[in-house]
Amino acid sequence: APDRAINLSAGPCCLPESVLVEACQGLLNFDGTGIGIAEISHRTPEFVAYIKEVEDLIRTQLDVPETHTILFAQGGGALQFSVVVLNLLARHRLLHPDLPNNERVLDYIVTGWFSEIAINEAARLGGARTNVVVDARKHSAVNKFDNIPPHDAYNFSPDPALIFYCENETVDGVQFSDGTDPTDPTSFPFHLLPKDKGLLPLVGDYSSSFMSRPIPRLADHAVIFASAQKNIGPAGVTVLIVRNDCLVDVDAAAKLGAAPVPHTLAYKTLADNGSLYNTPSVFAIYVTGLVLRHLKAMGGVKYIDAVNRKKAEKLYAVVKEGVAKGVLRPRVEEGKGRSLMNVVFDFNERELQDRFVVSAEAHGIKGIRGHPLVLGTRLSIYNAVTEEQVDTVAAYMQAFLAQL
Ligand code: PMP
């Protein structure tokens, strides 16, 4: 629609227009029931069938094996920073009941704003000690989160209860590479993970890259989580892919001394009840399903991966022009783990930056001011931002640079 802006917000971001039109109809009448989707019980056969379809759309497009269960939770990605610790510490307690807490270790790979929040939350919860596997700031010339550190910098514990990483750092614009080339220094160091200690407790925060491309070594993960509001739907639902050995009895673990876990946060409770233990975010799950159907019809994750790559290349090419002109600098240099989802850069002069943002708004391009704490400009180009829109944005940037 002509009155819609090009929305490059870091999240919530835009959704496919055809999906929004369809969702309007669903608000009035879901699946021929005569009841709108925001009004219908989550226990109706129609909704139960729908949530199964959404699960299946994720399972088939990401090749999720039967060893893993797909769940829908609330509380966003940020709540998972704590929830995953509670559940995996309960698992660890069942495996090693007699280990003193100071010998239980939670490993964190700290590559940006969100992984740092995650480790701080884990430290607050207690019950284990946190270990920084690597801190990307120590591998930065300016002590910032502007890189994926080299493989030889990682220091994993021998038998941790959890190994956490954030695949795409939304604020900083840092992302692991897609894993197709394990010798790429910005790939996740799967080959360095501790061996011979049973199934790995590997946890990936995919909140800002979920369904934007295939997930490398998905089957090796204990938990993958992603809040919906970047690539797949409205805020309010968080998708979890949990390996079945992590669906543990938290009450049995509590009897052995683990922290009690609210049942609404226990992965096993969610799994035992098909994600319907309590009322889920029905509307958010509905729209997520429409987005995933739309993605499948377009050609699925492999198709969108190719489009997303082209979109990012186009914007980074213009950023390069700005660098050559001496007015810009990218937050993350090429080859250091630049994100395909969040293109972050700084103008050398603050005044130019402000002019760039204000003038973009006048051109119908919105949501590009960087995170308030790190500033800069951030162009977020999730799945629903089209290649044509990216062309418009690139042309705007070029015109802006040309008149300087
Ligand atoms: N992790 C990442 C990578 C994110 O981008 C975000 C949200 N911006 C979160 C976690 C937190 O998610 P939420 O706001 O849904 O709690």
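Any read-out appearing in this document is the output of simple, stated calculations on the displayed coordinates, not a laboratory observation. Just so you know, these numbers come straight off a predicted model, no measurement behind them. No Cβ is skipped: glycine too gets one built from the backbone with ideal geometry, and neighbour counts run over all protein chains shown.
Laid out as a table, the results:
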quantity: GluC sites (Glu not before Pro) restricted to DSSP loop in the stretch 311-404 with at most 14 other C-beta within 10 Å; calculated: GLU333, GLU334, GLU349
quantity: The stretch 1-50: radius of gyration over Cα atoms, expressed as a fraction of 2.2 N^0.38 Å; calculated: 1.44
quantity: Additional length obtainable on full extension of the chain from LYS144 to ASP63, 0.36 nm per residue less Cα span; calculated: 25.6 nm
quantity: Residue of VAL21, VAL223, VAL332 that the Gaussian network model of the chain assigns the largest fluctuation, springs spanning Cα pairs under 10 Å; calculated: VAL21
quantity: In Hz, Karplus ³J(HN,Hα) per residue of the stretch 345-357 (6.51, -1.76, 1.60; θ = phi - 60°; x = Gly, Pro); calculated: 8, 10, 7, 5, 10, 4, 5, 5, 4, 4, 4, 4, 5
quantity: DSSP-defined beta bridges in the chain - what % are antiparallel, rounded to 5; calculated: 55 percent
quantity: Normalised convex hull volume, the stretch 1-96, alpha-carbon set, Å³ per residue; calculated: 172 Å³
quantity: Euclidean distance between Cα centres, the stretch 221-282 to the stretch 136-151, Å; calculated: 32 Å
quantity: Karplus (6.51, -1.76, 1.60) ³J(HN,Hα), θ = phi - 60°, over the stretch 173-186, in Hz, Gly and Pro reported as x; calculated: x, 10, 9, 5, 6, 6, x, 6, 10, x, 7, 4, x, 9
quantity: Percent of Cα pairs exceeding the 36 Å cut-off, where the set is the chain; calculated: 26 percent
quantity: In Hz, Karplus ³J(HN,Hα) per residue of the stretch 377-394 (6.51, -1.76, 1.60; θ = phi - 60°; x = Gly, Pro); calculated: 10, 9, 9, 9, 10, 5, 3, 7, 6, 7, 5, 5, 5, 5, 4, 5, 5, 4
quantity: Cα centroid separation - the stretch 352-403 against the stretch 17-36, whole Å; calculated: 32 Å
quantity: Cα pair distances exceeding 24 angstrom across the stretch 245-343, given as percent; calculated: 58 percent
quantity: With eigenvalues of the C-alpha gyration tensor scaled by 5 and rooted, the stretch 301-402, Å; calculated: 21, 15, 13
